[in-house]
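Undergrad: What follows is a structure written as structure tokens; I'll ask about it next.
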Amino acid sequence: MIEIKNLHKGFGGEEILKGIDYVFETGKTNLVIGQSGSGKSVLLKCMLGLFKPEEGTIEYDGTAYSSFTDEEQRELRKEVGMLFQGGALFDSMTVEENVMFPLRMFTKQRKRELKTRVAEVLKRVNLDGNENKYPAEISGGMQKRVAIARAIVNKPKYLFCDEPNSGLDPTTATIIDKLIQELTRENNITTVIITHDMNSVLEIGENIAFLKDGVLAWKGDKSQIFKTEDKTVTDFVYSSDLFKKVRDAQLKGY
Amino acid sequence: MSYVHSIGEYFLMIKGVFGRMTKRSVLKELIFKEIDELIIGSLGIVAFISFFIGGVVAIQTALNLNNPLIPKTLIAFAARQSIILEFAPTFISIIMAGKVGSFITSSIGSMRVTEQIDALEVMGINSLNYLIFPKIIAMLTYPFVIAISMFLGIIGAYAAAVFGGFVGNDLFLTGLQDGFEGFHIVYAFIKTFIFAMILATIPAYHGYYMKGGALEVGHASTTAFVWTSVVLIITNYIVTQLLLS
Ligand SMILES: Nc1ncnc2c1ncn2[C@@H]1O[C@H](COP(=O)(O)OP(=O)(O)O)[C@@H](O)[C@H]1O
Ligand SMILES: [Mg+2]
């Protein structure tokens, strides 16, 4: 569980996050949604400790991040998996080397044990047989799955995903979303997903936090978000014609 | 004002590079990879340029020797002096600013724009140390490149002067040993060492702190080349003033 309390963060006098309170639950996919520029990535970077908030706390299972020593922060980072928007695979390394990287850095296992674990994780994301390919040689969807494999190989307690399905076709995007949800459940991970994709909300929105202009404008789950009357939410959710038509059809009772 | 900022940022970067160290076994691998890419990968072009420029220096000197009072030994003497003092250490370093420098900027820069550096930081790795330290260590072997350049430059001068019929074998070898000062070699290698550090760190700075996308990576490489060359030339001037005058 990650709990943020009264989080404030600004840049050069402009406040981007204006006091956010939220609880990200363990074993669930927690989605943070909102328009581009609403501060989703800033929130994520504050949680990762890459930005220092001006005010407020971020508690990892009850302990405030700011109270950790440098050493403890590094220890915490070993429990964190991060899936970057573009995958951020190391392009000088093969698929296997990419996935093995966190293990090589942080564990003292032998090469054979490392290979076994990597093979296991690659199989889990349906990429066995691609060990020796380079990121440039595989498709965008496969790169994302390698990135997921790298993020979970060290059995993290917390998983952060920044727009995990941007740049993917809808079918592949759904596969990625489902994979993240399954892994979250299997391993009881606290997963935070940043997205502006309503399909993801529909698929895996177990907890949803809606950010608008730096404040938490709404929270709930996927069944609630399609019923709410809250105008700030409906403006966002039904900004796409497809979702408007779906809603109209539902209202007409189809 | 922004120059002051950049200079400050550059020195903070150097401090960061020597901060928390990456796991030893990983670092060792990275250093060998960098030696292969930065040093071994440059030997071909350095050998080629050195041999032919050495030849041209000898021919130019020979062609300008019209006064019968000036001995023909000057051909080898002049070639040796210009190759050892300036051509090998300075001119080759400018070439390397283009070859090695732009490679360093673009490889670190593309890691920046594709969030690979963020990925390292999120894992709790000191990305400055991971990316730049191995390059600095690899560049410690750069004086070998310059030694090879000196050697091949003189061979090139010999080939052009002797086989080209400008001077005989004996006169060339006499000229080559004329007024030889050991300190010139020391001077040349002191500057080579300083140039190596410049070649590793200034391009790295431009890559590491770049912002934007793929287009900006190309732009950063060009800027890095210009700045690396400028700093090399100024450093050359200062070191020469301090050591030789
Ligand atoms: N490092 C930074 N320095 C200054 N401003 C920033 C920085 N990072 C983000 N911002 C600003 O914060 C706002 C929110 O950005 P971001 O969190 O990236 O939005 P998004 O919700 O699309 O992820 C934007 O106006 C952006 O310009
Ligand atoms: Mg964003």
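The values are calculated or read from the model by the stated rules, or taken from the named source; none is laboratory data. This structure is a prediction, so every number in the text was calculated from the model and none was measured. Virtual Cβ from ideal backbone geometry, glycine too; neighbours counted across all protein chains shown. For the accessible areas, the whole protein counts, side chains as well, though only heavy atoms, and no ligand, DNA or RNA atoms are used. Shrake-Rupley method; radii C 1.70, N 1.55, O 1.52, S 1.80 Å.
Undergrad: Of chain B, which part is the longest with no trypsin sites (Lys or Arg not before Pro) in a loop (DSSP not H, G, I, E, B) and with at most 16 other C-beta atoms within 10 angstrom?
TA: My reading of the result: B:24-210 is the longest stretch.
Undergrad: R0 = 22 Å: FRET efficiency of B:I40 with B:I185, Cβ-based, nearest 0.05?
TA: 0.40
Undergrad: Another question, if that's okay. Taking the Cα centre of the protein assembly as shown as origin, sum charge times position over the Cβ atoms of Lys and Arg (+1) and Asp and Glu (-1), and report the length of that vector in debye to the nearest 20.
TA: Taking the Cα centre of the protein assembly as shown as origin, the dipole is about 740 debye.
Undergrad: Could you check how much of the accessible area of chain A is carbon and sulfur, as a whole percent, using a 1.4 Å probe?
TA: 48 percent
Undergrad: Take the Cα coordinates of the protein assembly as shown, assign each an equal point scatterer, and use the Debye formula without solvent to give log10 I(q)/I(0) at q = 0.07, 0.13 Å⁻¹.
TA: Here log10 of I(q) over I(0) equals -0.52, -1.21.
Undergrad: To the nearest 10 square angstrom, how much accessible area does A:L202 have with a 1.4 angstrom probe?
TA: In the full protein context, A:L202 sits at about 80 Å².
Undergrad: Okay, moving on. Taking only the alpha-carbon positions of the stretch A:132-208 and ignoring solvent, what does the Debye formula give for the base-10 log of I(q)/I(0) at q = 0.12, 0.21 Å⁻¹?
TA: Relative scattering, expressed as log10 I(q)/I(0), comes to -0.32, -0.96.
Undergrad: Springs between alpha-carbon pairs under 10 angstrom, Gaussian network model over chain B: which of B:G101, B:G44, B:G218 fluctuates most?
TA: B:G44
Undergrad: Starting from the 7 Å offset along Cα-to-Cβ, what nm value, one decimal, do you get for the label separation of A:S36 and A:T232?
TA: My value for the distance between the label points is 2.2 nm.
Undergrad: Might you tell me the accessible area per residue for the stretch B:111-191, computed with a 1.4 Å probe and given in Å²?
TA: Per residue, the stretch B:111-191 has 38 Å² of solvent-accessible surface.
Undergrad: Anyone know which of B:N169, B:N126, B:N64 comes out most mobile in the 10 Å Cα GNM of chain B?
TA: B:N64
Undergrad: A follow-up question, please. So how do B:T141, A:T94 rank on accessible area, 1.4 Å probe, biggest first, that is with the largest at the start?
TA: B:T141, A:T94
Undergrad: Can you give the FRET efficiency for B:E216 and B:I70, using 1/(1 + (r/R0)^6), R0 = 45 Å, r = Cβ-Cβ distance, to the nearest 0.05?
TA: Efficiency, from the Cβ-Cβ distance: 0.25.
Undergrad: Oh, and also: Pick out, from A:P156, A:I225, A:G87, the residue whose Cα sits farthest towards the positive end of the charge dipole of the protein assembly as shown, with +1 on the Cβ of Lys and Arg and -1 on the Cβ of Asp and Glu.
TA: A:P156
Undergrad: I'd like to know which of B:Q81, B:I59, B:G44 lies farthest towards the positive end of the charge dipole of the stretch B:4-151, counting +1 on Cβ of Lys and Arg and -1 on Cβ of Asp and Glu.
TA: Going by the charge dipole, the pick is B:Q81.
Undergrad: Among A:N30, A:N165, A:N130, whose mean-square fluctuation peaks in a Gaussian network model of chain A (Cα, cutoff 10 Å)?
TA: A:N130
Undergrad: Compute the semi-axes of the equivalent ellipsoid of chain B, taking the square root of 5 times each eigenvalue of the Cα gyration tensor, and list them largest first in whole Å.
TA: 41, 17, 16
Undergrad: On to the next question. For the stretch A:25-102, what is one quarter of the convex hull surface built on the Cα atoms, given in nm²?
TA: For the stretch A:25-102, averaging the hull's shadow over all directions gives 7.1 nm².
Undergrad: Assuming a viscosity of 0.890 mPa s and a temperature of 25 °C, what translational diffusion coefficient in µm² per second does Stokes-Einstein assign to the stretch B:1-82, Rh being the Kirkwood radius over Cα pairs?
TA: The diffusion coefficient I find is 139 µm²/s.
Undergrad: Can you list which of the DSSP-assigned H helices in chain B have a Cα extent of 18 Å or more along the long axis and an average Kyte-Doolittle score of at least -0.5?
TA: B:2-17, B:41-64, B:127-139, B:142-158, B:182-208, B:214-244
Undergrad: Under the √(5λ) rule applied to the eigenvalues of the Cα gyration tensor, what semi-axes describe the equivalent ellipsoid of the stretch A:2-222? Give them in Å, descending.
TA: Those come to 29, 21, 15 Å.
Undergrad: Continuing with the same structure: First select every other residue whose beta carbon is under 9 angstrom from the beta carbon of A:V99; then total the charges, Lys and Arg +1, Asp and Glu -1.
TA: -1
Undergrad: Computing the accessible area with a 1.4 Å probe over protein heavy atoms, can you report the carbon and sulfur percentage for the stretch B:41-244?
TA: For the stretch B:41-244, the apolar C and S fraction of the accessible surface comes to 74 percent.
Undergrad: Can you give the calculated 222 nm mean residue ellipticity of chain B, where each DSSP H run of n ≥ 4 adds -39,500 (n - 2.57) and the sum is split over every residue, rounded to the nearest 500 deg cm²/dmol?
TA: Per the formula, -24500 deg cm²/dmol.
Undergrad: A follow-up question, please. What area, in nm² and to one decimal, does the C-alpha convex hull of the stretch A:202-254 cast on average over all directions?
TA: 3.9 nm²
Undergrad: Which residues of the stretch B:104-123 bury at least 30 Å² of accessible area once all protein chains are present, versus their chain alone (1.4 Å probe)?
TA: Hits at the 30 Å² cut-off: B:E115, B:Q116, B:D118, B:A119, B:E121, B:V122, B:M123.
Undergrad: For the stretch A:2-222, with the dipole built from +1 on Lys and Arg beta-carbon atoms and -1 on Asp and Glu ones, taken about the Cα centre, which of A:A209, A:F11, A:T63 lies farthest toward the positive end?
TA: Towards the positive end, the residue furthest out is A:T63.
Undergrad: Using a 7 Å offset from Cα along Cα-Cβ at A:K115, what residues in the stretch A:125-163 end up with backbone N under 18 Å from the label point?
TA: Zone members listed by number: A:128-134.
Undergrad: Of B:Y142, B:Y3, B:Y10, which has the most accessible area with a 1.4 Å probe, and how do the rest follow in descending order?
TA: B:Y3, B:Y10, B:Y142
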